[in-house]
Structures are given as structure tokens and as C-alpha cells.
Amino acid sequence: MLKIVKRILLVVSVAIVALIILIAGSIIIDSLLGRGRIEAISNTTIPGSNGGPVVRAFVARPRGSGPFPAVIMIHEFFGLNETIVSKAEALAQEGYHVIAPDTFRGSTTAWVPRAIFQVITNNPDQVNQDLDAVYQWLETQPDTDRERIAVLGFCYGGRTSLNYSLHNNRRAATVILYGSPVTDPQVLKNLPGPVLGIFGGADNSIPKEEVYAFKSALEEANIPNEVSVYDDQPHAFITDMEAVRAGGAQGQAWAQMLAFIEKYLKQDPEAHQDTPASTYQAPFDWCYYIAIMFEHALGTASHWH
């Protein structure tokens, strides 16, 4: 009996090691195959902050003469890609100067293991440094209204948007689209402006209870907010602009986002409040990304990139 148990343990151990090697190898191969993707997608390079490397980004400008309110749009954990570019272009058509930066410094993928690897190996301080460069660049653009700049992000980008608004106290508004939230009101009270949170009711990576706790914490911190849960929608349910234009929950969520940023960037710029810059360091949310990995592996996430 003991020999059988040992053999089973050996087989399981070998299988685990083989799986780790396979995943590691796939990440390396995908990295090699993906060289040049960011250069092909981006159309702008921005000088780095504090002597850091340049930040590549896709910039979409509205027609007409500015200055226009601006939106920093942060990608999902896959990285800057064509889907984010199409969303930036659609938002620009609504009258916003949109910049979608590459926060992974040249890395983008369609492979979930590498997407998670990108997040794990990405330094949050480095991300804020690059976003500072983006913000400073926006302030120098003659077609940007410097008093009306929001930050918006999807998934990883939603969490990053929240963290950046805590880091940079000049944000006019923050939009979190199914990003892992912060539920401590003592942290959230440092936000400089209103917050929109959009989540899926069938998102296994962000339980409804956590969303409601986020809403309660924002209320306790006296931060103007809209937090909505779209029933029966999985994680990352706003897939692409074609689906948004088809209507349904995706179209409704996009319309809610447009109404929110119009209110706070075009109609009510006085919503911004002066707050001290926060020194909050967000912990890496392992449970969130492990849950996302399983959602994609089991096909319950709404899309693959």
C-alpha cells in the first residue's frame, strides 16, 4: 500500500514539474514571438519620468479644436492591444483626448499564463512612474484641458486606475471596470474625485460582497460614486466595440461610463477635491488573478485576447 502511495505521489510530482516547465516554456516562446507588437500598435512615444525609459502609447484625438477633456485608458492584464485601441478611438469620437499607454514596457500577449506573468513581474512603482510621465505629457498638449483628466481601466487596468488616483491627487475622476477594488475607507478617502465602478454579477474573481464593501467604503470616505453590478455578466464582459454597439449589457455599461465621464469632465469639473497624495502600496491580489486564470481556463470569462 505504501509503495502505491509513493508511486502516485511520484507521478503527481512529475506531472506538476512538467506542467511548470511547459508553462514557463510557453511564456518564453510567446515573449519571443511577440517582439514588435507594441511598436506596431502604438503611435506615440512619451519621454520617461525621472529619466526613465520612454513610454509607448496609442493616442486618439477628437475632431475639432480643443482644449478637450482627457482620459488615460489603461489596458487589461493582456497588455496594450487592438481591442484597447478600438475603445480609445471610440471614446475620442465622444470628444475626449484619449491616451492608452503601455504599462508593461513593451510586453503584450494573448496567452493567459504570460498575461499573469506580466502582472506578477511588473513593479507598481514603475507603473506609477510611467503614468506620471503620461500625465505630464498630457498637461503639455495644447488640445488638453489640464483641469479635466480622468483615468479609466479594465481588469488589471481598473485596479491600476484606482492605485494611480491614490498616487496622483489631481485626477478629476476614476473609472474602474471590473478591477479588484480597495475596501478600506481610510485609504479611499484620499481619492481626489468621483469614482465609477462597473462589475459583473457572475464574475467569480470579484465576489458581489467585495463590490458592496467597496461601495460602502466609498460612502464612508465621502467619495462621490456610482457602483453598478450587471447581473449574469462574467469578468471582462465589455469585450469590444462591435459588441458594445450591438447593445445588451455591454452597451448599457459603456453608456453608463460615457454619462459618468461627461458629467464629471464636461458638466461638473468642480467635483475635484484637493487631497494629499497617498503613500498607499496596493498588495498583489493573488486570489483575484488565480480566479481570473480559472475563469479563462474554464471558459467562463467573456473573451480571449
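Throughout, read-outs are computed from the coordinates displayed, never taken from laboratory work. Treat the numbers as computed from the prediction; the structure is a model and nothing was measured. Every residue, glycine as well, gets a Cβ built from its backbone with ideal geometry; the counts of neighbours run over all protein chains shown.
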Practice task
Calculate, for Ala259 and Thr140, the FRET efficiency according to 1/(1 + (r/R0)^6) with r their C-beta to C-beta distance and R0 30 Å; round to the nearest 0.05.
Solution key: 0.55
Fill in the blank from the handout: Expected unfolding gain across Gln267-Thr183 under the 0.36 nm per residue rule, minus the alpha-carbon gap, is 27.4 nm
Practice task
For Ala110 and Arg170, compute 0.36 nm times the residue count separating them, minus their Cα-Cα distance, and round to one decimal in nm.
Solution key: 18.3 nm
Handout entry: Label zone at Asn123 (point 7 Å along Cα-to-Cβ), backbone N below 19 Å, region 46-75
Key = 47-56
Completion exercise
For region 160-175, in residue order, the Karplus 3J(HN,Hα) values (coefficients 6.51, -1.76, 1.60; θ = phi - 60°; whole Hz; Gly and Pro = x) are 5, 4, 4, 4, 6, 5, 6, 7, 10, 8, 10, 5, 7, 6, 10, 10
